[in-house]
Ligand code: TMP
């Protein structure tokens, strides 16, 4: 029986993934505005980050410190997952339980794509680390903003270049992109792939179409809740 005060359904958990320069931040903010306009209580967060610890780990993980940077991809995976556990327990879990819709820029698929497909950590090892971090929490819907790495990397302003853009070569980023596409192919019910080479406006329109289909009309995904939505703008 549901305890008194507990929402009957938890909120939607929607993640945004993709290679560098795919425009996740812009699109997450637009989706937040769209869903809020339709009456959902939306929380926006990001990985790594979103908590005090996560933002500190983000500084460490993305800093271009040359010789001091981690050289071991499992170390990276553990640190990203430490930030993830803190975010899940402190922010995402409570928000979903309160019936809020959570939009997160990057989640566990990024570790699979970057540390797994990109840097060679086995997916078995990553699955075990992820399970400890998330207690099995999976997104209801993942929007994969797909684009070739050479286009995405060119979009980065010099001040935005992190360790992952500076210290990893184009082949690594190609493996990351291919990894995302392979993960999506293996889980088509959860993923929607959007061509992120299109204009920002067209990408937003494509994402809106996915949201209309899967969130507003409640079709397409296997088990997420069906929030009560106002369908007029
Ligand atoms: P971004 O938030 O600007 O995309 O930067 C995050 C960087 O961290 C990006 O290069 C991808 C990388 N990353 C991983 O390598 N593994 C992970 O699990 C996550 C969440 C991010």
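Key figures
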| quantity | calculated |
| --- | --- |
| Checklist (1) closer than 22 Å to residue 165 by Cα; (2) surrounded by fewer than 23 Cβ atoms within 10 Å (Cβ to Cβ); (3) within 13 Å of the ligand (Cβ to nearest atom) applied to residue 145, failing item | (2) |
| Looking only at the range 148-181, and only at residues there that are closer than 23 Å to residue 210 by Cα and under 16 Å from the mean Cα position of the chain (by Cα), the one that is surrounded by the most Cβ atoms within 10 Å (Cβ to Cβ) | 180 |
| Leading residue by the ranking (nearest to the ligand (Cβ to nearest atom)) among those in the range 106-142 that are assigned to a helix (DSSP H, G or I) and under 21 Å from residue 26 (Cα atoms) | 110 |
| Those residues of the range 9-36 which are away from the ligand (no atom under 15 Å from the Cβ) and within 29 Å of residue 150 (Cβ to Cβ), in sequence order | 14, 30, 31 |
| Subset of the range 66-88 that is more than 11 Å from the ligand (Cβ to nearest atom) and free of Cβ contacts under 8 Å to residues at least 24 places away in the same chain - its residue that is nearest to residue 165 (Cα to Cα) | 66 |
| Selection from the range 37-58 of residues that are away from the ligand (no atom under 16 Å from the Cβ) and at pLDDT 95 or above | 41, 42, 43, 52 |
| Output for the range 91-135, where each listed residue is over 13 Å from the mean Cα position of the chain (by Cα) and without any contact (Cβ under 8 Å) to a residue 40 or more places away in the chain | 94, 122, 123, 124, 127, 128, 131 |
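The values are calculated or read from the model by the stated rules, or taken from the named source; none is laboratory data. In this text, all values refer to a predicted model and were calculated from it rather than measured experimentally. Every residue, glycine as well, gets a Cβ built from its backbone with ideal geometry; the counts of neighbours run over all protein chains shown.
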